[in-house]
1. Residues being within 14 Å of another protein chain (Cβ to nearest Cβ) and in contact (Cβ under 8 Å) with a residue 40 or more places away in the chain: count how many of those fall in the stretch B:36-73.
2. What do you reckon, is A:MET265 under 16 Å from A:CYS333 (Cα atoms) and part of a helix (DSSP H, G or I)?
3. Condition (residue is part of a loop (DSSP other than H, G, I, E, B) and more than 8 Å from chain A (Cβ to nearest Cβ)) applied to the stretch B:24-32: is it met by at least one residue?
4. How many residues does the stretch A:243-259 hold that are under 19 Å from the mean Cα position of the chain (by Cα) and either more than 21 Å from A:ILE216 (Cα to Cα) or open to solvent by less than 50 Å² (accessible area, probe 1.4 Å) (or both)?
5. Anything in the stretch A:213-227 that is outside any loop (DSSP other than H, G, I, E, B) and crowded, with 17+ Cβ neighbours inside 10 Å? List them, or say none.
6. Keeping to the stretch B:128-155, report how many residues are within 14 Å of chain A (Cβ to nearest Cβ) and either open to solvent by less than 20 Å² (accessible area, probe 1.4 Å) or modelled with pLDDT of 95 or more (or both).
7. Output the residues belonging to the stretch A:79-101 that are closer than 14 Å to A:HIS141 by Cα and either away from chain B (no Cβ under 14 Å) or open to solvent by less than 50 Å² (accessible area, probe 1.4 Å) (or both).
8. Given the criterion farther than 23 Å from A:ASN210 by Cβ and among the acidic types (Asp, Glu), identify the matching residue among A:ASP311, A:ASP279, A:ASP235.
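The values are calculated or read from the model by the stated rules, or taken from the named source; none is laboratory data. Values in this document were obtained by computation on a predicted structure and should not be read as measured data. Reconstructed Cβ throughout: ideal geometry from the backbone, glycine too, with neighbour counts over all protein chains shown. In case anyone asks, the SASA skips ligands and DNA or RNA and just uses the protein heavy atoms, side chains included. Shrake-Rupley method; radii C 1.70, N 1.55, O 1.52, S 1.80 Å.
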Amino acid sequence: MAYRARLKEFQDILQEDFVQLIKLKKLAFNGIPDDQGLRALCWKLLLGYLPPERESWQDVLNHDLVVMPGSEETNGDCTLLDHPLSINPDSQWQTYFKDNEVLLQIDKDVRRLCPDISFFQQPTDYPCSQIVNSNDVKRLHTRVQRSVLKCANVERKGLGITKIALVLKKAQEDYQPMTEGQEAHWEVVERILFLYAKLNPGQGYVQGMNEIIGPIYYTFARDQDAAYREYAEADCFFCFTNLMSEIRDFFIKTLDSTDCGINNMMVRLTNQLRESDFDIWLHFQQLELRPEYYGFRWITLLLSQEFPLPDVLRIWDTLFSDENRFNFLIYICCAMIM
Amino acid sequence: MSTRDDEYDYLFKVVLIGDSGVGKSNLLSRFTRNEFNLESKSTIGVEFATRSIQVDGKTIKAQIWDTAGQERYRAITAAYYRGAVGALLVYDIAKHLTYENVERWLRELRDHADQNIVIMLVGNKSDLRHLRAVLTDEAKAFAERNGLSFIETSALDSTNVDNAFQNILTEIYRIVSQKQIRDPPEGDTIRPQNVEPIDVKPTVNSDSVRKQCCQ
């Protein structure tokens, strides 16, 4: 079908008062056009963030929500009851230090997000003003920044002459924080992931979640409609949460062997392979090449590390439109082997 | 490497472990493909690559396994440690915490890997001289105390990367080839079937068993 005709079909479906999800899924399954922020809007519908009733969209999207993880914490508070060395499990300081461990991991990973494109290192047009105008105090990554004591060689040459050689060298970082008033996209992603980890303490942050949130945030933060783009952070948080509710079991070690855990998905992949290409399946068996060695990452990350970002977006159009999530993912993985 | 990939005398499996971000994946890619990526993605699940080297005229094929640093992925399969004869335990010389966690990784190895596994402590990112947070002597002393070999590497400028792998593979080769002299492989000698090897346990002297005092 010609591109324009496809575009028109999408517009027709999305303009109805009640968006027919079945129709949308059928259409989006074959890819969503890159134009006019269609992908962002469709994903919000497909991930169940926006309801099909058009008139209620404004309520959902009308966020007054500004969440600032860490802003309520009373760091710097030292009393007899609570202090940095307190071993009381209710101690706010204890929580603060535990959170920092999670944050440290997130910080490492968001700085490694989509390194092949510059997008995440660019400043966002919509920084969180309370944070970026705080002299860096409220920036999340400053909580886990490594500080080094300054030292200098002091040489005394005769009476009254002292030479202080202060050497300050720093490694150049690509994912550098922005100047006051600006915020890079990776800082926004860091905030969303940290908030998610705080709100889901049973799961916390697991490496790889950055690769799930990356494509969603990228899509929303590049929406052609500025009114949507402005709320990319909040929209992304909720869509990420919804998507995680479907795939979070892949990230939890204790659920590996349950029906919805990763092992079962890998069994499904093996079975599909046996059905589709017995010879390859047999060959893999003989080599003892188990799906843990190749398919684990494919499934956990919904293929987001296997292809360039534009291709990942296209694949996700289909995955999100899959009525029986994530059957089609298994098909793709199987096709990748054959 | 001039040898064909499927011709080798020995195949050794070596695992890379250590905190996330210390450069495990880059050590792997530097050794096996002579590649380094400043902006590599975090490793999810397991990855592996091979390279063959020569020791004493024998071709040793090293199969090197790399995994994510985070707890969730360590035990994804017991298979990660299964059959591993060597481990490179990597820390970042510019991040002290990654060095402090070395003890945790040693425990992990004790719990999951073969007890005879050869372990080498690797201080990576030695190019970051001006940011050094772990002293060479300190790490060396720690390695000696724990019976590990030790080396500092830089996957970025290639310093010592080949040496690190060469050393550990040679060490493994020496152990394996000596073991072969001691215990010839099955079939080489004729053994009566009904003879069980006798396991002589050290005698426990009851006097030397420590008594609890002041209970």
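1. Just the residues of the stretch B:36-73 that are within 14 Å of another protein chain (Cβ to nearest Cβ), to begin with: B:36-50, B:63-73.
Those still in the list that are in contact (Cβ under 8 Å) with a residue 40 or more places away in the chain too: B:36, B:38, B:50, B:63-70.
Here the count works out to 11.
2. Details: under 16 Å from A:CYS333 (Cα atoms): yes; part of a helix (DSSP H, G or I): yes.
Answer is yes for this residue.
3. Start the filter on the stretch B:24-32 by keeping residues that are part of a loop (DSSP other than H, G, I, E, B), which leaves none.
No, that holds for no residue.
4. Applying the first criterion (under 19 Å from the mean Cα position of the chain (by Cα)) to the stretch A:243-259 yields A:243-252.
Next, from what is left, pick out any that are either more than 21 Å from A:ILE216 (Cα to Cα) or open to solvent by less than 50 Å² (accessible area, probe 1.4 Å) (or both): A:243-244, A:247, A:249-252.
So the count comes out to 7.
5. As a first pass, look at the stretch A:213-227 and keep what is outside any loop (DSSP other than H, G, I, E, B): A:213-221, A:226-227.
Within the stretch A:213-227, A:ILE213, A:GLY214, A:PRO215, A:ILE216, A:TYR217, A:TYR218, A:THR219, A:PHE220, A:ALA221 meet the criteria.
6. Initial filter on the stretch B:128-155 (within 14 Å of chain A (Cβ to nearest Cβ)): B:128-134, B:154.
Pick out the ones that are also either open to solvent by less than 20 Å² (accessible area, probe 1.4 Å) or modelled with pLDDT of 95 or more (or both) and you get B:134, B:154.
Of the residues in the stretch B:128-155, 2 are within 14 Å of chain A (Cβ to nearest Cβ) and either open to solvent by less than 20 Å² (accessible area, probe 1.4 Å) or modelled with pLDDT of 95 or more (or both).
7. As a first pass, look at the stretch A:79-101 and keep what is closer than 14 Å to A:HIS141 by Cα: A:96-97, A:99-101.
A:TYR96, A:ASP99, A:ASN100, listed by residue number.
8. Details: A:ASP311 fails: farther than 23 Å from A:ASN210 by Cβ; A:ASP235 fails: farther than 23 Å from A:ASN210 by Cβ.
Residue meeting the stated conditions: A:ASP279.
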